[in-house]
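All remarks here apply to the structure that follows.
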Amino acid sequence: MKKTMVIGIIVGFMLGFMGAGEVFAGDYFFREANIGSTRSDIRAREAMQTVSAADNHLGYEVRIEGYNFYAVYYFDEQDSFRQGSYMLADNFWSTSRYIQAYDLFKGILTEVYGHPESDSKHWLTEDGQPKRSWTDSEALSANLLSYYTEWRIDDDLTILMSLSAGPSSSISLRIDYYNEEEMAQLLEQDRQKSKSNF
C-alpha cells in the first residue's frame, strides 16, 4: 500500500522534546504504532498522559515545533489501530498564523518524505476560482478556501495534510496517516452499517 501524506491545517500538537523530523520520520506507521497495534500496546508506548479516550480512539497532547497538537489513534471494532492524526490544538486570532503553520509543516514533511504527490488550494466558490480582491487569509476565514498536500510514501501509508475552516469558521489543521485500501474498506463498512439502520 502507498503512504500518502496530506498535510492540513486543523488543530495540532507536538511530541515531547523531539525535533519535528524525528516526530514524522521513523520505522512506525504513526508515532510508535503500526497498523494492528492494540490500545494497550499504544498506552504502554506513549509517554504522554491520555487526554481523550473513547471506543474508537485515544488522544494525547503533544508539542511540535512550538505548536500544540492532539495526537489521535483511531481503532476499528476489534480494537486494532487503523489511522493516526495530528490535529492542531492552538487557536490563533490571525488566520495568517494557521497558513504559516501549514507552510512550516509542509516544509518539514517535504524534507522528511520528499516532494508531495499533490499540493493544492481548493476554492469553494461557485466557479471554483479565487475571488480577486480576497487574500488567502480572508478566504480561509470565510470558508472559501482549503489547502491540501498529500504524500504517498509506500504501499502501506498515505499522509494527508489539510487546512480548512469549519461551519463555525473555526480553522483546523490536521495531518492524517492512513492506509488507502483499508480506509476504503472502513468507509464501505460504515456505509453498509448506515444502510442497515433504515
(Q) List the residues, sorted by chain then number, that are 5 or more residues from Leu124 or on another chain and whose placed amide H is less than 5 Å from its amide H. (A) Leu145, Ser146
Q | Under the Debye formula (equal points on every Cα, no solvent term), log10 I(q)/I(0) of the stretch 49-102 at q = 0.14, 0.15 Å⁻¹ | A | -0.44, -0.50
Q: Apply the Karplus parameterisation 6.51 cos²θ - 1.76 cosθ + 1.60, with θ equal to phi minus 60°, to every residue of the stretch 151-163 and state each ³J(HN,Hα) to the nearest whole Hz, in sequence, with x for glycine and proline.
A: 10, 9, 7, 7, 5, 9, 9, 10, 10, 10, 10, 9, 9
Q. Around Glu182, what is the net charge, scoring Lys/Arg as +1 and Asp/Glu as -1 over all other residues with Cβ under 11 Å from its Cβ?
A. -4
(Q) Can you work out the Karplus-derived ³J(HN,Hα) for every residue in the stretch 63-76? Use 6.51 cos²θ - 1.76 cosθ + 1.60 with θ = phi - 60°, whole Hz, and x for glycine or proline. (A) 10, 9, 6, x, 10, 8, 10, 9, 9, 10, 9, 10, 10, 8
Q: Using DSSP to define loop residues, name the trypsin sites (Lys or Arg not before Pro) in the stretch 35-135 whose beta-carbon has at most 15 other beta-carbon atoms within 10 Å.
A: Lys131, Arg132
Q.
Apply the Karplus curve 6.51 cos²θ - 1.76 cosθ + 1.60, θ = phi - 60°, to the phi angles in the stretch 87-102 and return the couplings in whole Hz, x for Gly and Pro.
A. 10, 4, 9, 5, 10, 10, 6, 9, 4, 4, 5, 5, 5, 4, 5, 4
(Q) I'd like the chymotrypsin sites (Phe, Trp or Tyr not before Pro) in the stretch 66-155 restricted to DSSP loop residues with at most 16 other Cβ atoms within 10 Å, sorted by number. (A) Phe92, Trp93, Trp134
Q. How high is the FRET efficiency between His122 and Glu61 when r is their beta carbon distance and R₀ equals 22 Å, given to the nearest 0.05?
A. 0.15
Q.
Show me the GluC sites (Glu not before Pro) within the stretch 83-151 that DSSP assigns to loop and that have at most 11 other Cβ atoms within 10 Å of their Cβ.
A. Glu126
Q: Would you mind checking which residues have amide H under 5 Å from Thr158's amide H? H placed 1.01 Å from N; only 5 or more apart, or other chain.
A: Thr4, Tyr178, Asn179, Glu180
(Q) Check which residues have an amide H placed less than 5 Å from Phe92's amide H, if you skip close sequence neighbours. (A) none
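Any read-out appearing in this document is the output of simple, stated calculations on the displayed coordinates, not a laboratory observation. None of these values were measured; they are calculated from a predicted model. Heads up, the Cβs are rebuilt from the backbone with ideal geometry, glycines too, and the neighbour counts pull from every protein chain shown.
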